[in-house]
């Protein structure tokens with residue numbers, strides 16, 4: 001007993017609060033909905049599987065961003081640098097070492113993880129606008145390096161002639177994109193399991209604490225910078241994984257993987273779906289990519305207008321993104337018997 | 001006896017302006033000690049030096065006899081230094097229970113665990129809940145902190161610090177901003193703090209200081225003016241002049 005109990009005890013012993021918190025990480029049925037959609041789409045829209053793979057890869061990329069932006073509150077416009085490093089690492093490995101995909105994914109994740117760790121050590125000393133500018137600067141640096149180092153990256157022409165081997169020596173990448181879709185879905189599923197564990201772990205909760213009040217985190221003895229560098233490195237590895245998947249499924253790497261536009265796009269996707277809730281990545285990436293596909297058919301340039309308008313509405317009226325709106329709607333429904 | 005906390009010749013200047021001027025201070029184990037002084041006396045600077053938010057220009061800080069002058073903030077907390085803030089510094093969007101669990105997890109070294117669910121450490125959640133019950137916050141455990149009245153938020157400040165099981169607890173104006181109807185609850189909690197914690201309270205409210213403290217240090221312009229029992233301080237002419245004057249003549 002570390003505290004003298006007040007003379008009159010006023011509260012009945014109730015463990016419901018403890019119970020509720022101890023159970024907070026348990027899987028809710030709704031969390032399986034994305035996976036029903038992922039599996040269902042394979043059978044219902046066989047002609048859209050290449051787009052489907054792209055969406056799955058963007059979801060993975062968005063999840064990696066959510067860990068640092070949504071949970072730890074690190075505002076970045078340089079996440080494509082890590083995605084791009086993963087994509088190039090996978091491409092170079094496939095061209096010069098082996099076209100075996102799974103080891104290629106490991107290479108992509110490790111390469112991006114190293115860049116994330118080293119850049120994280122430097123940039124996470126700063127906050128706010130400085131941090132934002134540094135993430136941008138690092139993206140420009142890496143993009144320019146890739147552009148100049150044509151002997152290894154192919155420069156402006158990109159990496160061509162990548163030939164992937166069968167996955168597990170069994171599943172060939174087919175022209176309908178079936179293998180690519182299943183491959184992306186399985187990797188995304190594993191990442192989701194990991195990310196879900198991470199955000200519900202004490203480590204993940206401490207990231208939320210850092211976002212909510214970094215002064216207090218210092219005052220309770222949290223090694224704040226170590227936590228931030230750790231999550232930045234993890235996020236970088238996942239972004240690299242997404243980049244590697246893109247290389248494997250498209251068998252091409254171009255400079256656009258490192259573009260500032262891609263960094264901006266992924267932030268938009270995440271905000272659209274809802275940040276700091278893991279599933280915002282699923283909703284945001286899917287809505288954005290499908291809208292882009294549909295609207296671009298009508299007018300390949302003008303569709304940005306609609307995305308812009310949608311973003312304005314979301315940011316002004318629905319800060320929690322699409323999932324935030326769903327939450328509000330559910331609350332209204334529950335209140336009315 | 002080794003002091004729970006000690007500063008030796010502690011100095012800090014911002015440019016040419018000295019804000020801590022050769023402060024020698026001792027906090028005895030289990031002490032009930034108050035630090036008072038007029039606005040701008042350097043009380044908060046002193047706290048920030050002790051906790052490591054600021055680095056001293058010269059001098060030493062010892063916690064339980066061990067030097068901590070160059071230790072990081074988190075390193076000092078791990079050695080038993082806890083604090084509350086003058087302005088609420090809480091995880092506003094998280095539940096009361098989660099606020100305290102965060103501190104308890106860090107103390108147990110579990111705050112960095114990645115490969116298990118936070119809920120699997122039931123012992124930590126229970127410890128945090130126990131603490132809340134003792135502060136009579138049990139019924140508010142699941143509420144987001146931002147939905148609590150200000151007085152109760154001040155209690156959460158204290159609960160988080162107690163979750164660290166500190167040997168030295170720094171209370172920075174614990175009743176600041178609390179409506180007078182609710183100050184009694186906070187006073188009660190402070191008076192019932194475990195006897196083995198050395199408590200240093202920084203306070204403006206003289207009623208609170210004289211009710212709580214067994215020893216008082218008066219800080220003026222970054223230096224210790226005088227130190228003594230409440231009776232000595234109340235009788236000290238210099239203190240009346242610089243600090244209590246406005247009260248006794250007002």
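Quick check: anything in the range B:136-151 more than 9 Å from every other protein chain (Cβ to nearest Cβ), part of a helix (DSSP H, G or I), modelled with pLDDT under 95 and under 20 Å from the mean Cα position of the chain (by Cα)? Looking for residues that are more than 9 Å from every other protein chain (Cβ to nearest Cβ), part of a helix (DSSP H, G or I), modelled with pLDDT under 95 and under 20 Å from the mean Cα position of the chain (by Cα), one finds at least one in the range B:136-151, hence yes. Kindly indicate whether residue A:201 is within 12 Å of chain B (Cβ to nearest Cβ) and under 21 Å from the mean Cα position of the chain (by Cα). Considered against the rule, which asks whether it is within 12 Å of chain B (Cβ to nearest Cβ) and under 21 Å from the mean Cα position of the chain (by Cα), residue A:201 comes out as yes. Each residue in the range B:11-34 was checked for being in a loop (DSSP other than H, G, I, E, B) and under 16 Å from the mean Cα position of the chain (by Cα), and 4 of them qualify. If the condition is being within 7 Å of chain A (Cβ to nearest Cβ) and either in contact with a strand residue (DSSP E or B) (Cβ under 7 Å, 6 or more places away or on another chain) or surrounded by fewer than 20 Cβ atoms within 10 Å (Cβ to Cβ) (or both), then the range B:122-132 contributes B:122, B:126. If you take the residues of the range B:156-179 that are touching a helix residue (DSSP H, G or I) at 6+ places or on another chain (Cβ under 9 Å), assigned to a loop (DSSP other than H, G, I, E, B) and within 14 Å of chain A (Cβ to nearest Cβ), which of them is surrounded by the fewest Cβ atoms within 10 Å (Cβ to Cβ)? Among those that are touching a helix residue (DSSP H, G or I) at 6+ places or on another chain (Cβ under 9 Å), assigned to a loop (DSSP other than H, G, I, E, B) and within 14 Å of chain A (Cβ to nearest Cβ), it is B:165.
Residues B:60, B:55: which one is over 23 Å from residue A:222 (Cα atoms) and either in a loop (DSSP other than H, G, I, E, B) or touching a strand residue (DSSP E or B) at 6+ places or on another chain (Cβ under 9 Å) (or both)? Quick ask: steps written out before the conclusion?
Values: B:55 fails: over 23 Å from residue A:222 (Cα atoms).
None of the other options fit; the residue is B:60.
One residue stands out among those in the range B:78-96 that are buried (at least 19 other Cβ atoms within 10 Å of the Cβ) and within 7 Å of another protein chain (Cβ to nearest Cβ): the one that is nearest to residue A:211 (Cα to Cα), which is B:91.
The condition (being under 20 Å from residue B:218 (Cβ atoms), surrounded by fewer than 20 Cβ atoms within 10 Å (Cβ to Cβ) and touching a strand residue (DSSP E or B) at 6+ places or on another chain (Cβ under 6 Å)) is satisfied by just one residue among B:18, B:3, B:38, B:29: B:3. Close Cβ contacts (under 9 Å, 6 or more residues apart or on different chains) running from residues in the range B:33-50 that are over 13 Å from residue B:203 (Cβ atoms) to residues that are assigned to a helix (DSSP H, G or I) comprise B:50/B:76. The one condition from (1) at the interface with chain A (Cβ under 9 Å from one of its Cβ atoms); (2) farther than 23 Å from residue A:194 by Cβ; (3) outside any loop (DSSP other than H, G, I, E, B); (4) without any contact (Cβ under 8 Å) to a residue 60 or more places away in the chain that residue B:103 does not meet is (4).
The values are calculated or read from the model by the stated rules, or taken from the named source; none is laboratory data. Remember, it's a predicted structure, so these values are computed and weren't measured experimentally. Positions of Cβ are generated from backbone atoms using ideal geometry, with glycine treated the same way; all protein chains shown enter the neighbour counts.
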